[in-house]
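Each reported figure results from applying straightforward, stated rules to the coordinates on display, with no laboratory input. None of the values given here were measured: they were computed from a predicted structure. Every residue, glycine among them, receives a Cβ derived from its backbone with ideal geometry; neighbour counts consider all protein chains shown.
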Amino acid sequence: MSTPAATLVLDNEAVQALADVTHRKHRRALAFLEVANQRSGRRRPAIAVVVPVAVRIEAGWDRRAPAAATLNRISRARDVALTGGAADRAAELRAASGVSVVDATIAQVAEGLVGPVAILTSDTGDMRRVAGLVEADVRLVRL
Amino acid sequence: MKRRPPTNQDLFALLDEVDADGPTVVSSVRQPAALKEALRLAVELGLDANANDATVQAVRDRLEAFAQRRALDVHYAVHPGARPSLAEVAQAAAELDGDPLAGEPALIRRAAKEIVSLRPGASADDVLVYAAGLRSRASA
């Protein structure tokens, strides 16, 4: 028996794929947004799409930039800010797993969200290592 | 002066301004009595802090989904090759859900192909239900 994901977290490559129509995974990334959109308003649990602010920085996603207008609109992804407490936890996760700063913040963000949480990522190896440390129902989805 | 027809851009601009701490207005809505009562009960059961919050969130979610739908359709109109097929969306849904069907892409493709002939407006979730039926029938 599967449980529908309640939240979808975008990693850097997911953002890159959504932002660039020539990216080889653009269509696949859009398929996940389609699922979120199709489930809105139906008698299925809706899926919230979120992006940790560290991912936005890494991906160069400046919401004010005209070039980001399409990405802003098609994703409707909500920012998850990095607070002091969140930074402490991300640092702890990074120290325990050896993953990058951004991957540690993704795991920290996933830990605080309504689950099940799906992380759309191209780097399942590192993410699996750090996701295994968080107290949350997290599943990795390879982009 | 004739009012300019609204655009997607207008809609997104307003949605981007929506903020929990922003200005509010009072408005009255005619609604079915049973819906109002159901909302009252749902709030008591923990849906939201109050009926107002629940109503605002529901309307906001619906508007966000509508705006996103329009944005996606505009994107596909400009880039037709970017539109994922029904099978691809169903595959994504299975992966998001941790559904074992995710490991059977050929079955999902078959289900997507068959279901559109029966139900042209089928969703990705319809495809997964149909695929589960195909699998169940095959193993019976």
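Annotations
- Overall form of the protein assembly as shown per C-alpha gyration tensor (a/c, 1.5; a/b vs b/c): rounded
- Residues A:Phe32, B:Phe12, ranked from the fewest to the most other C-beta atoms within 10 Å, line up as B:Phe12, A:Phe32.
- For the protein assembly as shown, calculated [θ]222 nm from helices alone, where every DSSP H run of n ≥ 4 adds -39500 (n - 2.57): -18000 deg cm²/dmol
- Its relative contact order, with pairs defined as Cα atoms under 8 Å and 6+ residues apart, puts chain B at 16 percent.
- Within chain A, longest stretch clear of exposed trypsin sites (Lys or Arg not before Pro) (DSSP loop, no more than 10 other Cβ within 10 Å): A:65-143
- GNM on chain A, alpha-carbon springs under 10 angstrom: the most fluctuating residue among A:Ala31, A:Ala131, A:Ala54 is A:Ala31.
- Charge sum, other residues only, whose C-beta stays under 12 Å from A:Arg128's C-beta, Lys/Arg counted +1 and Asp/Glu -1: 0
- Each part gets one Cα centre, and for the stretch B:74-97 versus the stretch B:9-63 those centres are 30 Å apart.
- Trypsin sites (Lys or Arg not before Pro) lying in DSSP loop within the stretch B:1-82, provided at most 12 other Cβ fall within 10 Å: B:Lys2, B:Arg3, B:Arg30
- The stretch A:39-143: GluC sites (Glu not before Pro) in DSSP coil with no more than 14 other Cβ atoms inside 10 Å: A:Glu135
- Compared with the alpha-carbon gap, the fully stretched path from B:Ser85 to B:Arg69 is longer by 4.2 nm at 0.36 nm per residue.
- Relative contact order of the stretch B:84-139, taken over Cα pairs closer than 8 Å and 6 or more residues apart, is 40 percent.
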